[in-house]
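J.: Would you mind keeping the following structure in view while I ask a few things?
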Amino acid sequence: MAKQRPPNNYKWYTIDLHLHTPASSDYQQPEITYLDLLKRAEARGLDAIAFTDHNTVAGYRQMQEEVQQLELLEKLNRLIPEERTRLNEYRRLLTKILVLPGFEFTATFGFHILGLFSPLKPVREIEHLLLNLKIAPDQLDEGSSTVGATSDVLTAYRIINEAGGLVIAAHANSTNGVAMLGLNFGGQTKIAYTQDPNLHALEVTDLGQHGRHTTTNFFSGTKPEYPRRMHCIQGSDAHRLTADPQRKKNLGVGDRPTEVLLPKLTFDALKELFFSNDFARTRPRRQVTEPVFDFIRAAREEGPNIVQDFHETMSARGGKLYDIIADVCAFANTNGGTLYIGFSADPRRPAPGISKPQQAREQLEKEISARISPALQCTVDIQTYAEKKLLRVLVPRGDDAPYAVDESKIYVRSEAETGLAVRDEIVDLVMRHARLSAEEPQPEPPAPLVSQDPQPETGEVTLTEPRTGVEVVGVEERNGTKYYTLRDMRNGNIVKNVTTKSARRLWHYAITTYHRLPDDITQTEIHWQGGIGLLRHQKQGRIDRYDLVQRQPDGNYRVFFGVTEDGILDEWKPLFEENSPEE
């Protein structure tokens, strides 16, 4: 059933969840006090901060001990004026600013992980957790990022999560970051490190940037290997009170904060945010002269994809309302996603909006509740864009798949298209549910992406398959009807018994193009580059699609239809540099 949008008392809070203190051995201003840190946080307009020293919680503990000592002196009536001033300042600032205990853990191979906890959690429990993560007892207060052999990344995620902590990959796209962006190794490892269910968010250094190559866009749920959309935040990773004037990368407290939309400022509210599928409740804090980040405009510029779509109206006439319900079902059965209702995906077209948004929201909530089974927890809320009211529907990736419309119609999402699931896709959804229910381990990862061993027949290196598109791997005829076996290159699934009638748009294109190819594919005009070739390029709206050919060591050929740019890995790039594709 649909869930009401957050109440109107939600507000934006500014946070910096990655701060070091003098308890870190590499802190650049050791003379700084903990009260100085709180004062600087107030001056920067921060509502919440976290002390995340290297492999220790000593900084947070020392601040607590200082306050407790001042309170003891107060109780004994032994406070001198300067101490009373400090205690009053501590009380004022700790009432105004939420300070979370935490640490920046150094996992094996040097990857950094933030573990954040509620202020109610005893420090001794957090220290015991660090011991469980194999921080040596004699190094527990050292605050060093080099602590020898510790726990691996996935074990650290699990242990911190099971202890009730928030697990955030520190500066994931940068040095010591688990995303390993820009490195040519670690494919399966990177997937595991950034998609693990015990990981709650990624801290990135480019949250305020736009474009296809940003970390947030990479982990938006549209990549075949990275289907889980990740919450992304930014933090200063400050090792000093104020920014270093000589080295601009050495940030100070609050120099790279995040804004979060919460009902109230608590640790539990932060956890709820990072556990939710509402990705519009985090944004980089901008300077006063910069425009506020508009997540709706950003979504519109990105256009429809596997995790978002747009509908101008939701009228029952013409099937518009049914299309929306089908999209909700498809998102739940695939990667989850967001629907925007009240404008088209084309940013050049004016947004008509929803004339009676409250009534429309109630109608849509009722339709989702009545027509999708089993029950699905969506959020339908009202947003404002271009001075028009619109509806936004947040759809989770369901854990009780397959979901169906009117009890029998099962939809899935492929690229930017919703279509009825075929038999093998339904089987896959049922098996997914069975795995979740039984808490079975995930299937073994595929073989390494690239084999560097030359094939004996040709001496060529085996190339990576494209990660999007469709391959026709078989066809048979029964009772006058042809049934095709297709491979979905996004996930490697083999889908059998597809007919031209049941085929979705991309599948239909692959089947019809496949039949137009001659028996000897070399008789077709192909732009070759070694063992790979470009058969055709076409543009569908704003999306470029390519038909690609790969020569096999046994002399046969594989053809991949409708490959998009994000499915083309580095080994294929020379093909596009050498040739200008034909429209």
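J.: Return yes when residue 228 is within 20 Å of the chain's Cα centre (by Cα), in the same structural domain as residue 103 (by TED's automatic domain parsing) and assigned to a loop (DSSP other than H, G, I, E, B) and no when it is not.
T.: yes
J.: For the stretch 245-291, what are the residues that are at pLDDT 90 or above, under 16 Å from residue 14 (Cβ atoms) and polar (S, T, N, Q)?
T.: Matches in the stretch 245-291: 258, 266, 282.
Residues are listed down the side, and each one gets a yes or a no for (1) surrounded by fewer than 16 Cβ atoms within 10 Å (Cβ to Cβ); (2) touching a residue at least 12 places away in the same chain (Cβ under 8 Å); (3) closer than 29 Å to residue 429 by Cα:
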{"position": "480", "(1), (2), (3)": "yes, no, no"}
{"position": "490", "(1), (2), (3)": "no, yes, yes"}
{"position": "499", "(1), (2), (3)": "yes, yes, yes"}
{"position": "516", "(1), (2), (3)": "yes, no, no"}
{"position": "526", "(1), (2), (3)": "no, yes, no"}
{"position": "531", "(1), (2), (3)": "no, yes, no"}
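J.: Mind checking which residues of the stretch 203-216 are without any contact (Cβ under 8 Å) to a residue 40 or more places away in the chain and part of a helix (DSSP H, G or I)?
T.: Within the stretch 203-216, just 216 meets the criteria.
J.: Turning to a different aspect of this structure: When you scan the stretch 457-471, do you find a residue that is modelled with pLDDT of 80 or more and assigned to a strand (DSSP E or B), even just one?
T.: yes
J.: Can we say residue 371 is more than 27 Å from the chain's Cα centre (by Cα), in the same structural domain as residue 415 (by TED's automatic domain parsing), under 28 Å from residue 407 (Cβ atoms) and among the basic types (Lys, Arg)?
T.: Considered against the rule, which asks whether it is more than 27 Å from the chain's Cα centre (by Cα), in the same structural domain as residue 415 (by TED's automatic domain parsing), under 28 Å from residue 407 (Cβ atoms) and among the basic types (Lys, Arg), residue 371 comes out as yes.
J.: Being more than 18 Å from residue 375 (Cβ to Cβ), among the aromatic types (Phe, Trp, Tyr) and surrounded by 20 or more Cβ atoms within 10 Å (Cβ to Cβ) is the filter here; which residues of the stretch 311-341 pass it?
T.: 340
J.: Kindly indicate the residue of the stretch 516-542 that is in contact with a strand residue (DSSP E or B) (Cβ under 9 Å, 6 or more places away or on another chain) and part of a helix (DSSP H, G or I) and also farthest from residue 411 (Cα to Cα) among those meeting that condition.
T.: Filtering the stretch 516-542 for residues that are in contact with a strand residue (DSSP E or B) (Cβ under 9 Å, 6 or more places away or on another chain) and part of a helix (DSSP H, G or I), the one farthest from residue 411 (Cα to Cα) comes out as 522.
J.: While we're here: In the stretch 68-84, how many are part of a helix (DSSP H, G or I) and surrounded by 17 or more Cβ atoms within 10 Å (Cβ to Cβ)?
T.: 1
J.: Restricting attention to the stretch 266-287, which residues are aromatic (Phe, Trp, Tyr) and either surrounded by 14 or more Cβ atoms within 10 Å (Cβ to Cβ) or in a loop (DSSP other than H, G, I, E, B) (or both)?
T.: 267, 274, 279
For every residue, the table says whether it meets (1) within 32 Å of the chain's Cα centre (by Cα); (2) on the phi < 0 side of the Ramachandran plot.
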residue	(1), (2)
479	no, no
504	yes, yes
513	no, yes
523	no, yes
535	no, yes
555	no, no
564	yes, yes
576	yes, yes
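J.: Can you find, within the stretch 94-114, the residue that is surrounded by the most Cβ atoms within 10 Å (Cβ to Cβ) among those that are within 22 Å of the chain's Cα centre (by Cα) and of a type in the set (A, V, I, L, M, F, W, C)?
T.: Looking at the filtered set, the residue picked out is 105.
The values are calculated or read from the model by the stated rules, or taken from the named source; none is laboratory data. As the structure is a prediction and not an experimental result, all values here were calculated from the model. Ideal geometry is used to build each Cβ from the backbone, glycine not excepted, and the neighbour counts take in all protein chains shown.
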